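A short write-up of the structure that comes next.
Each value in this text was obtained by applying a stated rule to the coordinates, not by laboratory testing. A quick note: this is a predicted structure, and the numbers were derived from the prediction, not measured. When we count neighbours, we look across all protein chains shown, and the Cβ atoms used for this are built from the backbone with ideal geometry, even at glycine.
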């Protein structure tokens, strides 16, 4: 690293430069407050700090400010200013409280110390003469002094927004909180202390930073939803080939819902009737003819025609009696009768 001696205004003294080997270098040029909330509320500023009175009241009624935004003076001064500002806010709300006399004395002492520190260690104007073309001005966007100067000179940037757009200085993660004052002074912007502080949103703050050191707050991380396994898509069927002038299917009629079946009527067993006596059998001969039917016709019994049989002639050597000749042989058809053939005893009775 290169070191050199400076005069009262921080200009380099010729012949005093020398190089020293070092692993790391820490350089501090004071503190810059964050004025986003005060500027958003419309509070008046002076020299890069919020203007307040003895009660820590700003130019906006009902708004009180305390801490580094009113001037760099250390942690003790910031605590005393907070006590005074809280008491004044309570009185403005109608609460009766005692005047913080000791806190007000501590504020006056702390401001005297801050003013003495500013006079002893100010940031002089000579620091601009130390820069080279490759000196990094904006560390977030890695913008060098040469790039910043050429962008402003060649493109004629005249405001904070224009300087950001043409050089990208102040567009990084810190949004100009670190390099804003240096960029404003190098480009000649008015009011360098508040030029890059007019941001519409305040700086994000974790809840754990507001909690007590002994009870850190663990932020609960949101659990991702469970991942459902993707089901396999069914195979896509080939689209049907279009045929010219195909008959369209009839429209499908929706089937109306049928009402629920009613309960069937109760089934009663048939009553048992006493069995009546059967009527007496009817004699077919005495039966009356059915109406509409002709009366039965008496027909004579059909006799089979007589059969002519040849008579049996006895042998010639045996005389045949008259009765035997008339009776005929036994078992012939002429002996058929109720009593059969009589024989010789019957002939004697005649």
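What to note about this one:
- Model label zone, residue 124; criterion: amide N under 12 Å from point 7 Å along Cα-to-beta-carbon; scope segment 5-21: 5-14
- Pairwise FRET efficiency - residue 149 versus residue 76, Cβ, R0 = 25 Å, nearest 0.05: 0.05
- Cβ-Cβ FRET estimate between residue 13 and residue 117, R0 fixed at 30 Å, reported to 0.05: 0.75
- Counting every other Cβ atom within 10 Å of each residue's Cβ, 98, 181 order from fewest to most as 98, 181.
- Cα gyration tensor, segment 36-122 - rounded (a/c under 1.5), prolate or oblate: oblate
- For 164, 80, order by how many other beta-carbon atoms lie within 10 Å, fewest first: 164, 80
- In terms of surrounding Cβ atoms within a 10 Å radius of their Cβ, 26, 43, 179, 140 rank from fewest to most as 26, 140, 43, 179.
- Note on segment 30-83 and segment 155-210: Cα centroid distance 19 Å, given to the nearest whole angstrom.
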